[in-house]
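These notes concern the structure reproduced below.
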Amino acid sequence: MQNETNKRVAYFYHPQIGRYHYGKEHPMKPKRIAMAHNLIVNYGLYRNLDVYMNRQASLKEMEKFHEPEYLQYLSQFTSVRSQIVNEYQHYNQQPNITHFTSHIYNEFDLLDYNIPHTHEPIETNNNYPQPNSFRVGDSTDNPSFPGLYDFCQLSAGGSIDAAHVLISQDAEIAINYSGGLHHAKKREASGFCYVNDIVIAILELLRVHQRVLYVDIDVHHGDGVEEAFLLTNRVMTCSFHQYGDDFFPGSGDIDSYGEGLGRYHALNIPLKIGMNDETFTEIFQKIITQVMDIYRPEAVVLQCGADSLCHDRLGGYNLSTKGHGACVEFMIKYNVPILVLGGGGYTIQNVARCWAYETGLCLNKKIDAPIPTSEIYYEYYAPDYKLHFPIKQNVENKNKKEELQRIVEKIYGYLKSIEPVPGIGFHDLPQSFYPEMNVEEEINPDQRYEQTLNQFEGAHYEEGNEILVDPSNGFSIHRRE
C-alpha cells in the first residue's frame, strides 16, 4: 500500500446541476453539489484538478442497465432548463472553436443567469405505463419534477466519463459528486434515485478491468448496486450502513452475501446509531484490508454519501468530516484507480464541507482553513464559518465492541470462502445487465482513449479572461497547474 503524492485527479461538474429542485420540503437538495463545488474553487483546490464538464448520458448508455420503457417514461420530465444544458451540445454543429468570455471564477461560481424555471405540471402521455409501476411520483420520496430526466442524464454522464478517464489512464482518481445514486433499480426509482449512475459506470469499468470493488459509506444500504451485481464475481460490493428499526431501505443484513457465482461477493456491514469516528474507521480499515488483500480489485468505486455525518437530517451516525474522510484517504493509499462519487447527505452545508475536504484528500492536501469570505454561500456556514464542524457530545454509540468483532469475523469467513487471486475464475455478467456489449472484450486503453475521451475533451487554455473550449458534448474546463 503506497501513498503517492502526485496522483492525477479528474473532477466532473456541470454549472447547472445545482439548479434542479426536488421540491421545497424534499430533503434532497442538488444545491449541495454547487455548494461543494464553490468551496473547491474558493479553497483553490481546482488549480490541481483536471476539471471536466458533465455531459448528458445518452438513452443508449443508460439502457445498459435500465429498462427502455422506464427511461422513456422518465424522459417526459424535462424543463426549460434543459435548453441551457443542451446549449453546450449545440456547439457540435459549429465548425469553429467557441470562446466563452468568462473568467474561470464566474464560470465556477454559478451566478444566477436568470434561467427561467418552470413548475407547471407535465401531462402524462397515456401511452406510457402508469407512474406507479415505476415508483416515480407515487410518493414524496421520488417526486416527478421539471428537469428530472436532464438531472439524471448529467449525473450518469459524469460518472460514465469519469470511468472513461480512469480507463484511459488519464487520471488515477476521478470525482463526480453529482453521481452516487445507489438506490435506483433496473425499472424503478427508489430513495430519491432514478438512474443508477454507479451501476452504469461499473459496467463501463468492467470492459477493461476483471474485478471492480464497490465500497459504500453512505448511511443507507447500497441496495441498487448490490442487486445489480448479486450474481457475478466480477464485482464485489461492500456496504457500511445503518441497519435496523425499519431504517431505509431495510436491506443489507450481514447474512445477505450474494447468490450463485456472486456468493460471498456482496458484503454487508450493518451498523447502529451513534457510530463515531474511531469505531467507524477501525471496522472500515479491518474489513477493507482483507477485501483488498484477497479480492485484489483492478479498480475501485467509492460512494461517499455524506448522510453518515453527524447532524444529518436522516442519518443517525456521529461522524465528523475527518472521520468520514479517513475512509477516502485509506482507499486512496492502495494505488488502484478509484472513482469517487457523491450520494446522500441532507444537511447541505455539511455535505459541501465534507466533499470539499475529501477533494483535498484526493490531492494529498488536508484543508483546515476557515470558510473563505469570497464564498457566495458564506452565510450557510454560520455561526463559526469553519470547514470542520463539532460532533454531538454525550451521544451513546450503540455499536458495542463485541458485536462489531462478530461482524468482522463473519466477513472474514465469507472472504475465506472465495478463491484468492490469481486463481479465481471469472465469469460473464448476466447478459441482461449489459445488452449489446461483450464485457470480456479486450480493449486497448489507448484505443479506448481515442474512441471515448477525445470526442468530448477539447483544447483548453486561459488567456486573460477567456476560456477556450472545443465544441462537443463535454469539455475539459481546466487543466491542473
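The values are calculated or read from the model by the stated rules, or taken from the named source; none is laboratory data. Everything numeric here is computed off the predicted structure, so don't read it as measured data. Using ideal geometry, Cβ is built from the backbone for each residue, glycine included, and neighbour counts are taken over all protein chains shown. Each accessible area value is taken on the protein alone, full model and side chains, heavy atoms only, with ligands, DNA and RNA left out. Shrake-Rupley method; radii C 1.70, N 1.55, O 1.52, S 1.80 Å.
Has the stretch 400-407 got any residue that is assigned to a loop (DSSP other than H, G, I, E, B), open to solvent by less than 50 Å² (accessible area, probe 1.4 Å), modelled with pLDDT of 95 or more and not hydrophobic (A, V, I, L, M, F, W, C)? No, the stretch 400-407 contains no residue that is assigned to a loop (DSSP other than H, G, I, E, B), open to solvent by less than 50 Å² (accessible area, probe 1.4 Å), modelled with pLDDT of 95 or more and not hydrophobic (A, V, I, L, M, F, W, C). Looking only at the stretch 374-383, residues that are open to solvent by less than 70 Å² (accessible area, probe 1.4 Å) and modelled with pLDDT of 95 or more come to 4 in all. Of everything in the stretch 357-373 that is of a type in the set (D, E, K, R) and assigned to a loop (DSSP other than H, G, I, E, B), the residue that is most open to solvent (accessible area, probe 1.4 Å) is Lys366.
Of the residues making up the stretch 121-151, those that are at pLDDT below 85, open to solvent by less than 50 Å² (accessible area, probe 1.4 Å), in a loop (DSSP other than H, G, I, E, B) and not hydroxyl-bearing (Ser, Thr, Tyr) are Pro129, Gly137.
Every test in (1) open to solvent by 30 Å² or more (accessible area, probe 1.4 Å); (2) touching a helix residue (DSSP H, G or I) at 6+ places or on another chain (Cβ under 9 Å) is passed by Asn48 save one, and that test is (2). Take the conditions (1) surrounded by fewer than 24 Cβ atoms within 10 Å (Cβ to Cβ); (2) at pLDDT 95 or above; Arg187 misses just one of them, which is (2). Filtered by the rule that a residue be over 17 Å from Asn350 (Cα atoms) and charged (D, E, K, R), the stretch 385-414 gives Glu396, Lys398, Lys400, Lys401, Glu402, Glu403, Arg406, Glu409, Lys410. Residue pairs whose Cβ atoms lie under 6 Å apart, sitting 6 or more positions apart in sequence or on different chains, and linking a residue in the stretch 365-385 that is under 19 Å from Ile33 (Cα atoms) to a partner that is loosely packed, with under 15 Cβ neighbours inside 10 Å, are Ile371/Tyr385; Tyr385/Pro370. Any idea which residue in the stretch 179-195 is nearest to the chain's Cα centre (by Cα), counting only those that are farther than 17 Å from Gly147 by Cα and not small (Gly, Ala, Ser)? Going through the qualifying residues, I end up with His182. Scanning the stretch 245-290 for residues that are without any contact (Cβ under 8 Å) to a residue 40 or more places away in the chain and open to solvent by less than 30 Å² (accessible area, probe 1.4 Å) yields Gly252, Gly258, Gly262. Scanning the stretch 291-307 for residues that are open to solvent by 30 Å² or more (accessible area, probe 1.4 Å) and outside any helix (DSSP H, G or I), we see that the one that is farthest from Trp355 (Cα to Cα) is Arg296. Evaluate the following for Asp170: is it farther than 15 Å from Leu71 by Cβ and more than 15 Å from the chain's Cα centre (by Cα)? Yes. Scanning the stretch 192-230 for residues that are open to solvent by less than 10 Å² (accessible area, probe 1.4 Å), part of a loop (DSSP other than H, G, I, E, B) and either free of Cβ contacts under 8 Å to residues at least 40 places away in the same chain or out of contact with any strand residue (DSSP E or B) (no Cβ under 9 Å at 6 or more places or on another chain) (or both) gives Tyr194, Val195, Asn196.
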